[in-house]
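The values are calculated or read from the model by the stated rules, or taken from the named source; none is laboratory data. Remember, it's a predicted structure, so these values are computed and weren't measured experimentally. Here the Cβ positions follow ideal geometry from the backbone for every residue, glycine too, while neighbour counts run over all protein chains shown.
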Amino acid sequence: MLIIRKAQIEALAETRFDHLKQWLRPHLRASFASELADMDDDTLWGLIDVSVERARVHGATRAATLCKFVHLRVLFGAGFEELPWAEHVLQDPALSDPNTRLEVLALVARGHLSDGEDHT
């Protein structure tokens with residue numbers, strides 16, 4: 001029987017997150033060229049690191065969910081989690097699964113973008 005210790009699982013997860021962060025830089029540059037045009041690579045790396053960590057604080061474990069959260073921070077800014085509509089979703093007790101909560105957050109954010117309203 002193969003036994004995998006918790007430390008080994010965590011190390012595998014960290015490797016996965018590191019690969020995701022490496023992938024995100026060119027992805028963000030291509031997908032958000034105008035939003036990131038004035039941002040140098042060091043600042044972008046910082047944005048990616050902080051955004052992935054914030055997503056993990058909210059319980060995200062899926063790569064797709066993490067990417068959507070990073071996208072939201074690019075579009076709405078670092079403080080978007082404090083916007084009333086975002087706080088409402090993030091604190092909704094009916095959304096107990098963290099990945100589902102962040103998926104709903106992305107859907108609600110899409111509505112705010114399509115309304116053409118101020119992002120803040």
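Which one of these is more than 10 Å from the chain's Cα centre (by Cα), part of a helix (DSSP H, G or I) and surrounded by 14 or more Cβ atoms within 10 Å (Cβ to Cβ): Leu113, Leu102, Leu95, Leu75? Steps first, please.
Numbers: Leu113 fails: surrounded by 14 or more Cβ atoms within 10 Å (Cβ to Cβ); Leu102 fails: more than 10 Å from the chain's Cα centre (by Cα); Leu95 fails: part of a helix (DSSP H, G or I).
Of Leu113, Leu102, Leu95, Leu75, the one residue that is more than 10 Å from the chain's Cα centre (by Cα), part of a helix (DSSP H, G or I) and surrounded by 14 or more Cβ atoms within 10 Å (Cβ to Cβ) is Leu75.
Exactly one condition in (1) at pLDDT below 95; (2) in contact with a helix residue (DSSP H, G or I) (Cβ under 6 Å, 6 or more places away or on another chain); (3) of a type in the set (Gly, Ala, Ser) is not met by Ser114; state its number.
(2)
So Leu2 passes all but one of these: (1) assigned to a loop (DSSP other than H, G, I, E, B); (2) at pLDDT 90 or above; (3) not β-branched (Val, Ile, Thr). Which condition number does it fail?
(2)
Counting just the residues of the stretch 78-91 that are part of a helix (DSSP H, G or I) and of a type in the set (A, V, I, L, M, F, W, C), which one comes out farthest from Leu113 (Cα to Cα)? Please lay out each step first, then the result.
Of all residues in the stretch 78-91, those part of a helix (DSSP H, G or I) come to 80-82, 84-90.
Keeping just the survivors that are of a type in the set (A, V, I, L, M, F, W, C) gives 80, 85-86, 89-90.
Values: Phe80: 13, Trp85: 12, Ala86: 13, Val89: 16, Leu90: 18 Å.
Only one residue tops the list, namely Leu90.
Contact list please: Cβ distance under 8 Å, first residue in the stretch 31-46 and polar (S, T, N, Q), second residue surrounded by 11 or more Cβ atoms within 10 Å (Cβ to Cβ) and at pLDDT 95 or above, pairs at least six apart or on different chains.
Ser31/His71
For residues that are aliphatic (A, V, I, L, M) and part of a helix (DSSP H, G or I), scanning just the stretch 35-59, find the one that is farthest from Val104 (Cα to Cα). Explain how you work it out, then say what you get.
Residues of the stretch 35-59 aliphatic (A, V, I, L, M): 36-37, 39, 44, 47-48, 50, 52, 55, 57.
Still in the list and also part of a helix (DSSP H, G or I): 44, 47-48, 50, 52, 55, 57.
Numbers: Leu44: 25, Leu47: 22, Ile48: 21, Val50: 21, Val52: 17, Ala55: 13, Val57: 16 Å.
If we take residues in the stretch 35-59 being aliphatic (A, V, I, L, M) and part of a helix (DSSP H, G or I), then Leu44 is farthest from Val104 (Cα to Cα).
Every residue in the stretch 78-92 that is within 20 Å of Asp49 (Cβ to Cβ) and surrounded by 13 or more Cβ atoms within 10 Å (Cβ to Cβ), please.
Phe80, Glu81
Are any of the residues in the stretch 42-65 modelled with pLDDT under 95, of a type in the set (Asp, Glu), surrounded by fewer than 13 Cβ atoms within 10 Å (Cβ to Cβ) and over 11 Å from the mean Cα position of the chain (by Cα)?
No.
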